[in-house]
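Notes follow once the structure below has been shown.
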Ligand SMILES: [Mg+2]
């Protein structure tokens, strides 16, 4: 553990940068007390670890903070949940300063503000490398599940694929800026898309490990086959990056065919760029242009 006063000053510096709840809704008490939810509560947790998910200096502390919060927000988005509260457990290496804690929180603050997310508690411990484990809670009247797709549903993507994988390569090659690098360091979770999707979609998930692997997850959970069209995919990079690259954090939606036109009009009106990429059919597995497509994907590596 950091010594008592270090721990307190780290927490104070971190919390001060972020929208946080006042007593009795924490932080600062032994446990967070949450207001009664409207609808059902969706909770998600995800760890971001130095050397596994990011390296420094390829990622600044602000980048690390942003991405840790973004990937968790993406999971709430996939459930069609309105973000509400979060907890942050930090593991900090020796020499981590209050300025470092502030930088981490500064990377998180814009996303937290934009999505109405309130910090309600957390924990600090020391460890060999920097690690952040975030737990986020959101609310939805009717959470979107992976298991809801039916044969005949149309598959939609809420944004382009492959940019983040191209960014990972660019960072490994020493590039430090550009849209691909931004997509890798600062992914933007599709929260608005998730909220709109709950009016139209029967099933959803976020594409975090490459389209093919995540399409398989949806197919398996819904007990349907997914027929994808490669010439319909919104590409931010190569087709291979789109199919297997990962970390795009766009949503894959299954929308009943009769609702698709209304759904695309509503998305366009909201300034969202949604694209049909295929449909659900009877059967199992994933098909690309009519051919079976194996669940090849990318489980994230540090640049
Ligand atoms: Mg997910």
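Things worth noting here:
- Criterion applied to 203, 170 was being more than 16 Å from the ligand (Cβ to nearest atom), more than 20 Å from residue 83 (Cβ to Cβ) and assigned by TED's automatic domain parsing to the domain that holds residue 261, and the one residue passing it is 170.
- Of the strands (runs of 3 or more DSSP E) entirely within the stretch 114-183, those holding at least 3 residues that are touching a residue at least 24 places away in the same chain (Cβ under 8 Å) and within 15 Å of the chain's Cα centre (by Cα) occupy 131-140.
- Whichever residue in the stretch 41-64 is within 16 Å of the ligand (Cβ to nearest atom) and within 21 Å of residue 142 (Cβ to Cβ) and, among such residues, is surrounded by the most Cβ atoms within 10 Å (Cβ to Cβ): 42
- Looking only at residues in the stretch 107-143 that are surrounded by fewer than 17 Cβ atoms within 10 Å (Cβ to Cβ) and out of contact with any strand residue (DSSP E or B) (no Cβ under 9 Å at 6 or more places or on another chain), the one that is nearest to residue 192 (Cα to Cα) is 114.
- Among the residues of the stretch 149-172, those identified as under 26 Å from residue 44 (Cβ atoms), in contact with a strand residue (DSSP E or B) (Cβ under 7 Å, 6 or more places away or on another chain) and surrounded by 19 or more Cβ atoms within 10 Å (Cβ to Cβ) are 149, 153, 155, 156, 157, 158, 159, 161, 162.
- The residues of the stretch 213-227 that are within 28 Å of residue 170 (Cα to Cα) and either buried (at least 22 other Cβ atoms within 10 Å of the Cβ) or more than 16 Å from the ligand (Cβ to nearest atom) (or both), listed by number, are 214, 215.
- Qualifying residue in the stretch 173-189 (condition: modelled with pLDDT of 95 or more, buried (at least 19 other Cβ atoms within 10 Å of the Cβ), within 27 Å of residue 29 (Cα to Cα) and within 16 Å of the ligand (Cβ to nearest atom)): no
- Considering residues of the stretch 190-200 that are in a helix (DSSP H, G or I) and within 13 Å of the chain's Cα centre (by Cα) only, the residue nearest to the ligand (Cβ to nearest atom): 194
- Residue in the stretch 50-69 that is in a strand (DSSP E or B) and either touching a residue at least 12 places away in the same chain (Cβ under 8 Å) or under 17 Å from residue 125 (Cβ atoms) (or both) present: yes
Condition check ((1) farther than 16 Å from residue 6 by Cβ; (2) within 16 Å of the ligand (Cβ to nearest atom); (3) in contact with a helix residue (DSSP H, G or I) (Cβ under 8 Å, 6 or more places away or on another chain); (4) not assigned by TED's automatic domain parsing to the domain that holds residue 198) across all residues:
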residue: 66; (1), (2), (3), (4): yes, no, yes, yes
residue: 77; (1), (2), (3), (4): yes, yes, yes, yes
residue: 87; (1), (2), (3), (4): yes, no, no, yes
residue: 95; (1), (2), (3), (4): no, no, no, yes
residue: 110; (1), (2), (3), (4): yes, no, yes, yes
residue: 125; (1), (2), (3), (4): no, no, no, yes
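The values are calculated or read from the model by the stated rules, or taken from the named source; none is laboratory data. The structure displayed is predicted, hence computed values, not measured ones. Neighbour counts are summed over all protein chains in view; Cβ atoms, including those assigned to glycine, are modelled from backbone coordinates with ideal geometry.
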